[in-house]
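First up is the structure itself, then whatever we jot down about it.
The values are calculated or read from the model by the stated rules, or taken from the named source; none is laboratory data. Given the structure is predicted, the values throughout are model-derived calculations rather than measurements. Quick reminder, even Gly has a Cβ in these numbers, built from the backbone with ideal geometry, and neighbours come from all protein chains shown.
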Ligand code: DGJ
């Protein structure tokens, strides 16, 4: 059986399922057309069994009574799952070839059941079977009540006498009906991830996908927001937002049909991934997670953030340490002395962890640039003669944790590993081998490769128990999509076998080392997906640490991912690629909206910069971190629409909030509307103060307290070129790259 469910997910659900034991009856009204209602606190997804078929009638706000879907002859929005069949001329969410060569699949309803599987989580399984063939499909839903997230996935079972070939096998399928559809998607590149674009869908098919294998979220993200009838704004508009939890090739399909309905489905990309299901075998697809919001994008994001913290990420409710990473400070050019200095300087400004990045390994082929050494995970004796433990001790002596970078899925041709195991890489024997960044991708479908990759981590962590954090990188996408391990007729398995192999290794690591912090990275934000979250504490959002660009990258990323998972580092100025000169305060103020880190050579900072960094790190740890990492995000002013940007986080009890405002493009004379806060308790009184200022003496609480109602309706005025500087509630953004951070605290 092929299980694509994450270990964490089942670990959470199983004990509860075992406790419950008995399957409870589904929430259905058993007339001649039973209804199947999948509900969360605020939303409902309603299906009806129409004879043989199951059709979707509603997805929207929760209602008190669904009888009307039985008593009225309302038109269905579409089927439970669109399959390839006679009279269906649309893209199919499920397209298989049965053992006799029949290309169509006609599913009929068999049964459904529903049961609570964890506190606040209800599972519903609808079982369908082909009318002729012993091929069944379980469509599985988990409704996460408090987070208003629904997960959909399928289990395909072949009980036919011969193999069934799977071509397209989406995890989730949603038929929707609105006058118009506005799709927001997230596109990018290395150094410029998660840019937002919005378009009205016209008749035809729009596909978002990845065929990159490893770096599968650089160009497009497997996430979407669909504004129904009108473009969704931050706080208004009906929309559906969804994502695919899969760290390999994925696809999302939107097809607007003749009758103006839209079918929307997503999952593993069927492209180049034909899967032969032998008799008796089954295949489980990953989760397609979605939410409905009648109050715009902000609410949808908060739903996803809560879900990610509760069910997605490793220890999603535990504060993350600040850190100093040496990559941009040294690149490959370091030795023990330099690293020791960096550790000492990092401790001096107050970071809690040091992370040794690329370049620490390889002896026969020393890793002094990106052309050699990948695969040879032995410490380089010339650069670090006293080994890793020496650095761990030095770090711990300063009261800090130690972390280390690895890229275990990859190999340079110039490496001992490749000399020994040339058959371990993805390759097509009759073709030239392409490389990206001078490296090949190991064939994670092979059991021996899985053992090797697990062994890299296992050896590091068991030999150096002082390692608290692993940065797991993957800098090459797939170029040679083939396997020497798979037989000729199963080469189509390579893409999926890779991701399954990766998850198998990560499952083993998590089972043995549940507490080691791990960051997922793929040349920056190349693996920012919900399939990775159950194994990692955070992701490296982008290699681009230029704070101006980060405002946009983090803005896009925040639509689906919580701040606690979003690593954001302060780097040197001018930016190494952008050459932009940015003030230290602006750089910190931007990085503070995620998991704050530093990524520079501290010895190159001026005395003032060091002093500011020390103060900023203290402010982050003591005041900002708990609110940003565990609170609710409200995006207030979009950088896409204005030359300023603003966002805020509110603590779960609404007693504290942190407001951030940035002036990213200055034009003298620009005037801005007030920044109105959100998420506060309207009847509570709050005091406010500027924090992280260039003049720490200025950090004083306002004399006056203001009601939440006032702060949310009137808000802060913005002074950029003109304005009343005596205004006690003014945000001063005088000039380009100015910023302010304000703490808002409930008066007891
Ligand atoms: C790509 C990552 O995104 C960087 O942060 C750094 O770790 C380099 N790889 C090292 O090669």
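List of remarks:
- Considering the range 555-576, and only residues there that are closer than 30 Å to residue 147 by Cβ, within 16 Å of the ligand (Cβ to nearest atom) and in contact (Cβ under 8 Å) with a residue 60 or more places away in the chain, the residue that is surrounded by the fewest Cβ atoms within 10 Å (Cβ to Cβ) turns out to be 569.
- Near pairs, Cβ below 6 angstrom, 6+ apart or cross-chain, from the range 387-406 (within 14 Å of residue 461 (Cβ to Cβ) and outside the structural domain of residue 456 (by TED's automatic domain parsing)) to any residue that is within 16 Å of the ligand (Cβ to nearest atom) and not in a helix (DSSP H, G or I): none
- Screening residue 305 with (1) under 21 Å from residue 82 (Cα atoms); (2) surrounded by 21 or more Cβ atoms within 10 Å (Cβ to Cβ); (3) at pLDDT 95 or above gives one miss only, at (1).
- When the criteria are applied in full, residue 347 meets the requirement of being surrounded by fewer than 20 Cβ atoms within 10 Å (Cβ to Cβ), away from the ligand (no atom under 12 Å from the Cβ) and not in a loop (DSSP other than H, G, I, E, B).
- Residues of the range 353-361 include none that is under 27 Å from residue 425 (Cα atoms), within 16 Å of the ligand (Cβ to nearest atom) and surrounded by fewer than 19 Cβ atoms within 10 Å (Cβ to Cβ).
- Failed condition for residue 744, given (1) in a loop (DSSP other than H, G, I, E, B); (2) more than 15 Å from residue 637 (Cα to Cα): (1)
- Where residue 247 falls short, out of the listed (1) buried (at least 24 other Cβ atoms within 10 Å of the Cβ); (2) not in a loop (DSSP other than H, G, I, E, B): (2)
- Sole residue being assigned to a loop (DSSP other than H, G, I, E, B) and over 32 Å from the mean Cα position of the chain (by Cα), chosen from 408, 413, 429: 429
- Those strands (runs of 3 or more DSSP E) lying entirely in the range 69-131 with at least 3 residues in contact with a strand residue (DSSP E or B) (Cβ under 6 Å, 6 or more places away or on another chain) and surrounded by fewer than 18 Cβ atoms within 10 Å (Cβ to Cβ): 107-118
- So residue 552, is it farther than 20 Å from residue 356 by Cα, more than 15 Å from the ligand (Cβ to nearest atom) and in contact with a helix residue (DSSP H, G or I) (Cβ under 9 Å, 6 or more places away or on another chain): no
- Criterion applied to 289, 324 was being within 16 Å of the ligand (Cβ to nearest atom) and either surrounded by fewer than 24 Cβ atoms within 10 Å (Cβ to Cβ) or touching a residue at least 60 places away in the same chain (Cβ under 8 Å) (or both), and the one residue passing it is 324.
- Pairs are defined by a Cβ separation below 6 Å, a sequence spacing of at least 6 or placement on different chains, a first member in the range 343-372 that is in contact (Cβ under 8 Å) with a residue 60 or more places away in the chain and under 26 Å from residue 400 (Cβ atoms), and a second member that is within 15 Å of the ligand (Cβ to nearest atom) and in a helix (DSSP H, G or I); the pairs so defined are 357/327.
- Restricting 416, 409, 382 to those that are in the same structural domain as residue 356 (by TED's automatic domain parsing) and either in contact with a strand residue (DSSP E or B) (Cβ under 7 Å, 6 or more places away or on another chain) or surrounded by 19 or more Cβ atoms within 10 Å (Cβ to Cβ) (or both) reduces the list to 409.
- Residue satisfying all of: in the range 331-344; closer than 21 Å to residue 473 by Cα and surrounded by 19 or more Cβ atoms within 10 Å (Cβ to Cβ); farthest from the ligand (Cβ to nearest atom) among these: 339
- Count of the range 510-527 residues which are in a loop (DSSP other than H, G, I, E, B) and either closer than 18 Å to residue 498 by Cβ or more than 16 Å from the ligand (Cβ to nearest atom) (or both): 8
- Matching option when the condition is free of Cβ contacts under 8 Å to residues at least 60 places away in the same chain and surrounded by 19 or more Cβ atoms within 10 Å (Cβ to Cβ), among 204, 227: 227
- Qualifying strands (runs of 3 or more DSSP E) (wholly inside the range 627-739; at least 1 residues being over 32 Å from the mean Cα position of the chain (by Cα)): 685-691, 717-719, 730-732
- Positions within the range 582-617 being part of a helix (DSSP H, G or I) and within 16 Å of the ligand (Cβ to nearest atom), in sequence order: 591
- In the set 199, 234, 193, only one residue is assigned to a loop (DSSP other than H, G, I, E, B) and either surrounded by fewer than 24 Cβ atoms within 10 Å (Cβ to Cβ) or modelled with pLDDT under 95 (or both); that residue is 234.
- Checklist (1) assigned to a loop (DSSP other than H, G, I, E, B); (2) within 16 Å of the ligand (Cβ to nearest atom); (3) closer than 21 Å to residue 289 by Cβ applied to residue 539, failing item: (1)
- Within the range 449-481, the set of residues being part of a loop (DSSP other than H, G, I, E, B), over 19 Å from residue 213 (Cα atoms) and in contact (Cβ under 8 Å) with a residue 12 or more places away in the chain comprises 464, 466.
- Restricting attention to the range 382-405, the residues being assigned to a loop (DSSP other than H, G, I, E, B), more than 16 Å from the ligand (Cβ to nearest atom) and touching a helix residue (DSSP H, G or I) at 6+ places or on another chain (Cβ under 8 Å) number 6.
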